[in-house]
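Step one of this worksheet: look at the structure below.
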Amino acid sequence: MVVLDTNALMMPVECGVRVFEELDRLVDDPDPVTPEPVVAELETLAAGAGEEATAAAVGRDLAERCRVLATTEQYADDAVVELASGGAGRGSGVGADERFDGYVVTNDRPLRERLLARGVRVIGLRGANTLAITEP
């Protein structure tokens, strides 16, 4: 399972990254998922104006390629951490007593640090438009 956060879904516009092609290159059978609060955040950002709104609108469309999972957290970053910590996520396939054996795609430095501290592998931008895996 690969959990995508808000900025991961906005990378095609903001960074020129072909996110799903990069995931296919890095991970066997990536099974992309995103929490409901990420989709809600993309909806809010897409209602604005400018490049960020355009990136969010593209991200919202890309989220349709992911399984969207419910979480108990309402804030997008906390929902990503919840999924990566084996919490909630109806239909996630990860029980609370199981270790998350997937990845999280993010370029958000504070979120990245939270995830690495919990032993979660993080996929982030390396170079101009390439993704790479960081092991905890």
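What to note about this one:
- Summed over segment 8-24, residues that are in a helix (DSSP H, G or I) and more than 16 Å from G102 (Cβ to Cβ) total 7.
- Count - residues of segment 35-89 that are out of contact with any helix residue (DSSP H, G or I) (no Cβ under 7 Å at 6 or more places or on another chain), crowded, with 16+ Cβ neighbours inside 10 Å and at positive phi: 1
- A single entry from E113, E98, E135 fulfils the requirement of being of a type outside the set (V, I, T), over 13 Å from V2 (Cβ atoms) and modelled with pLDDT of 95 or more: E113.
- Residue in segment 12-20 that is modelled with pLDDT of 95 or more and out of contact with any helix residue (DSSP H, G or I) (no Cβ under 8 Å at 6 or more places or on another chain) present: no
- Filter result for D31 (charged (D, E, K, R) and either more than 16 Å from D108 (Cβ to Cβ) or without any contact (Cβ under 8 Å) to a residue 60 or more places away in the chain (or both)): yes
- For segment 27-69, a tally of residues being of a type outside the set (S, T, Y), out of contact with any Phe, Trp or Tyr (no Cβ under 8 Å at 6 or more places or on another chain) and part of a helix (DSSP H, G or I) returns 21.
The values are calculated or read from the model by the stated rules, or taken from the named source; none is laboratory data. Since the model is a prediction, treat every value here as computed from it, not as a measurement. Note: ideal-geometry Cβ built from the backbone for every residue, glycine included; neighbour counts use all protein chains shown.
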